[in-house]
Amino acid sequence: MNLTSLTLHHLSMPLVAPFETSFGRETVRECILIELNAEGVAGYGECVASREPGYNYETTGTAWHILKDFIAPLILGQDIKDAADFQTRVERIRGQHLAKAGVEMALWDLFGKRDGKSLKEMFGGTRDRVEVGVSIGIQASAETLVRTVASYLSQGYRRVKIKIKPGREVDETLAVRNAYPDLRLQVDANSAYTLESAQVLKKIDDLNLLLIEQPLFEDDIWDHRLLQAEFKTPICLDESVVSPRHARYALEMKACKIINIKPARVGGLSQAIAIHDYCRARNVPVWCGGMLETGIGRASNLALASLPGFILPGDISASDRYYQRDITNERFTLNDDSTITVPTAPGLGVTINQSALKDFTVAATTLKAE
Ligand code: OSB
Ligand code: MG
């Protein structure tokens, strides 16, 4: 499609509760909403870079710069045929996956709206509802954590992920496991350990966890391989898998048994689908991770998770777990079987609430084709 303009909206949205991980605490979520206009249609994408470079090196600030000064000039006024065409055009920009993925999402929304097809349909998704869980940030104490888990279980979530960090992981994971012996439970360390300090995790290796997510640093695929060899619990990589190539390295090295797929981290939905296909052909389970997305990114994640290889529940909770007010008119709710229904309207299948968008926008800029 011939792209005539690109608008960036820098958003700042209050979270219903602070979200704390081993790398920091967020009370307000920042992101960039990308709006593309082509042939009379508007497409939206979410760039999930946050204010600080804690999870990923990109931030809202760096993504803004890359989008405006490097990606926009390569695509404005151009006839972008599909996601692969977009990826080829931005190949010369090294890295910057979060920025690229936001634009690719907006392109999928445009193509879908033009063709009257949902993302799920375009991807070949096979499910109408996807199984989801909840990701719980670090809490004040083990008791508070157990209470928080209880409250999400009462809302209907049937899979729980807890964030862990050195010094508190054993007590907290044990507390949740003792309170809920049969719960589908997993932990996420967000790279907080080294091969040496990760030895403490042996104490939770017998707790029948679904997986241990990203214990070691992003570039430690080899050390994850050494760690996995010592653990019964499957290791799942998040941060380390930044492309389909890295998914191959991880599996060939036996660095993990499960992969958390986030389209942003791997450079876009097309790359996420490639990793899904690669893992599915090898019977390696994948699941869809989350970045506290707005209704835009959430719609995209649901479409992705409708693919058949997403066999573990995703970190795709209901809208009210994140935001009292969202930028989409549609809100996602939990069905009684711990699933969320995949949108079926063309493109992402959601619409922008213009007044909410206006209220959450702290900066905006429009770039036009010459
Ligand atoms: O590591 O999976 C992660 C949120 C921000 C950054 C990294 C992660 C997360 C989550 C939240 O776990 C998942 C969600 O969106 O609910
Ligand atoms: Mg993670």
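Residues of region 225-245 include at least one that is in a helix (DSSP H, G or I), closer than 30 Å to Tyr44 by Cβ and in contact (Cβ under 8 Å) with a residue 24 or more places away in the chain.
Taking the criterion of being assigned to a strand (DSSP E or B) and at positive phi, the only residue of region 16-67 that qualifies is Gly24.
Hey, could you check region 183-197 for residues that are surrounded by 23 or more Cβ atoms within 10 Å (Cβ to Cβ) and free of Cβ contacts under 8 Å to residues at least 40 places away in the same chain and say which is nearest to ligand 1 (Cβ to nearest atom)? Taking the candidates together, the pick is Val187.
Per the listing Ala189, Ala142, the residue uniquely among the small types (Gly, Ala, Ser) and more than 29 Å from Leu307 (Cβ to Cβ) is Ala142. Of note, Ser151 satisfies the criterion of being in the same structural domain as Ile273 (by TED's automatic domain parsing), within 16 Å of ligand 1 (Cβ to nearest atom), out of contact with any helix residue (DSSP H, G or I) (no Cβ under 9 Å at 6 or more places or on another chain) and over 19 Å from Asn260 (Cβ atoms).
When Ile261, Ile204, Ile221 are checked against the criterion of being surrounded by 23 or more Cβ atoms within 10 Å (Cβ to Cβ) and of a type in the set (A, V, I, L, M), Ile261 stands alone in meeting it. Output the residue which, of all residues in region 33-52 that are buried (at least 24 other Cβ atoms within 10 Å of the Cβ) and under 17 Å from His97 (Cβ atoms), is farthest from ligand 1 (Cβ to nearest atom). Only one residue fits best here, namely Ile34.
The values are calculated or read from the model by the stated rules, or taken from the named source; none is laboratory data. Treat the numbers as computed from the prediction; the structure is a model and nothing was measured. Please note: Cβ atoms are built from the backbone with ideal geometry, for glycine as well, and neighbour counts cover all protein chains shown.
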